[in-house]
């Protein structure tokens, strides 16, 4: 027995070292190198980079596109989750599978799909929209559409399990006592799903801020007009000169920081599924 | 935790989904009947509005890709797919995606095992580290890998602009999938069964193979499907890292992009249709797996 105990603890150690080593080489070390590279010349060039009008513009555009995408996804996500969980209708199962499609599709395909429909020159709907004064492709509405597309299922995926778990007893009680649909939602349903909704919103926001492929195709990436933060990283990294590379690394560092912060928020504040509440 | 309508909430993908940006339909079972009612006029209107938005944003554009792909008929479709450069890109993408998925089956299961069964200081940090590849913008992921495996690598290697870069990028972005699908299943396995097997004289390896592995297989399969799907559709992390050299490091997504930039929308749609079909197949596979787990699990 002593032998098996020793071999068990030896294999446990080996596996532990292997896993930590693998994760260090693949994730931890490279990520810290980017942080180091960003501040390789000190803090001053980083602050200078952040004052560049192109950088400020890119982050403003990214933030506003992400904001609208998250607003749209939150309203749509809450609505469709309630419909999927609380109601029966023909095609419900298909719709339930289809709402996950945006996460499985390549960002490049998303971009192409939106161009095919909304491009002013050749798109199915783009021509009429342009005549009505709304340019979608190569303009901010296209960026919002692409961002909303790729992050669409995140809110739904968070809310649906919670809606299923809380059941309908309280809602039924509320409406039998005379509460209107809106009152029931605001007083009963919303408080029950508020944490799940918050996680969904944080994840959507993180995903929205970081979208690259789909946005690149629909926006054209013109500096000071349709260039988002991720597109700025690409453009500046490919240009020569220390200044450009510092701008690229600074923007990348901020994007990475937001992503990691979002993760930490979700990991720390999520009620643990394993422990009973 | 209460289960509704006799349906087991499958642990598949639940964590992966919450982790940042996972894909799939596997994690959700809809209740059958008990809590669901038929549509009221107000909810019917809501469904109409939701479906209209969903169609405008997702369904019509994706259908447009398939229609555009068939624009020139079958022969044009096949010609687009059979051009040597596209063929090379598809071969590289699928080949590396399969390779990465196989690697992930082993590393993903091992990581999940360590996260569930092992206890050491700093384990919480690893939980966050696993999800970083999903949360990081893909263009930043490329930059991140470039810093350790690019021209100024402290390891003295330079894999930028080689097929190894494609492998690394795929490996990075698909890291969480199998870990996050296997982890919850592993948590729910009762240690009593393993202890019983051990007391009957089974070796550690036998216990893993005969007791643990069978219950992990559906989770590993879902994670592998997600990994593969994510890998073949990857674009952003390769832009800076792989150099996008035709016949060498050019993947399917990059091929689509250069067709778009050359205004060859039909060819772009042809390649895109392949990726779209794979995505649909993966969603169906996951749905089937989770149904099976719900039935027998």
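The values are calculated or read from the model by the stated rules, or taken from the named source; none is laboratory data. Worth saying up front: this structure is predicted, and the values here are computed from it rather than measured. Quick reminder, even Gly has a Cβ in these numbers, built from the backbone with ideal geometry, and neighbours come from all protein chains shown.
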(message) Among the listed residues B:80, B:141, identify the single one that is part of a helix (DSSP H, G or I), within 12 Å of chain A (Cβ to nearest Cβ) and either farther than 16 Å from residue B:275 by Cβ or over 23 Å from the mean Cα position of the chain (by Cα) (or both).
(response) B:141
(request) Among the residues of the stretch B:104-138, count how many are buried (at least 19 other Cβ atoms within 10 Å of the Cβ), within 16 Å of the chain's Cα centre (by Cα) and more than 8 Å from chain A (Cβ to nearest Cβ). (result) 4
(message) Condition (residue is more than 10 Å from chain A (Cβ to nearest Cβ), surrounded by fewer than 23 Cβ atoms within 10 Å (Cβ to Cβ) and within 17 Å of residue B:249 (Cα to Cα)) applied to the stretch B:165-175: is it met by at least one residue?
(response) yes
(message) Which count do you get for residues in the stretch B:83-97 that are within 18 Å of the chain's Cα centre (by Cα) and surrounded by fewer than 16 Cβ atoms within 10 Å (Cβ to Cβ)?
(response) 1
(request) Answer yes if at least one residue in the stretch B:259-274 is within 22 Å of the chain's Cα centre (by Cα), surrounded by fewer than 24 Cβ atoms within 10 Å (Cβ to Cβ) and closer than 22 Å to residue A:98 by Cβ, and no otherwise. (result) yes
(message) Out of B:23, B:2, I need the residue that is at the interface with another protein chain (Cβ under 8 Å from one of its Cβ atoms), surrounded by fewer than 22 Cβ atoms within 10 Å (Cβ to Cβ), modelled with pLDDT under 50 and not in a helix (DSSP H, G or I). Which one?
(response) B:2
(request) Please tell me if residue A:44 is at negative phi, part of a helix (DSSP H, G or I) and touching a helix residue (DSSP H, G or I) at 6+ places or on another chain (Cβ under 7 Å). (result) no
(request) Would you point out the residue of the stretch A:163-212, among those that are touching a residue at least 40 places away in the same chain (Cβ under 8 Å) and outside any helix (DSSP H, G or I), that is surrounded by the most Cβ atoms within 10 Å (Cβ to Cβ)? (result) A:211
(message) I'm trying to understand the selection: among the residues of the stretch B:96-131, which are under 18 Å from residue A:268 (Cα atoms) and in contact (Cβ under 8 Å) with a residue 40 or more places away in the chain?
(response) B:115, B:116, B:130, B:131
(message) I'd like the residue in the stretch B:70-82 that is surrounded by 13 or more Cβ atoms within 10 Å (Cβ to Cβ) and free of Cβ contacts under 8 Å to residues at least 60 places away in the same chain and, out of all such residues, is farthest from residue B:169 (Cα to Cα).
(response) B:70
(request) Tell me which of these residue A:121 doesn't satisfy, since it passes every other one: (1) farther than 27 Å from residue A:197 by Cα; (2) in contact with a strand residue (DSSP E or B) (Cβ under 9 Å, 6 or more places away or on another chain). (result) (2)
(request) Counting only residues that are at the interface with another protein chain (Cβ under 10 Å from one of its Cβ atoms), under 17 Å from the mean Cα position of the chain (by Cα) and within 19 Å of residue B:54 (Cα to Cα), give me the helices (runs of 4 or more DSSP H) lying completely in the stretch A:50-128 with at least 1 of them. (result) A:53-86, A:101-104, A:107-118
(message) Against the definition (more than 9 Å from chain A (Cβ to nearest Cβ) and touching a residue at least 24 places away in the same chain (Cβ under 8 Å)), how does residue B:157 come out, yes or no?
(response) no
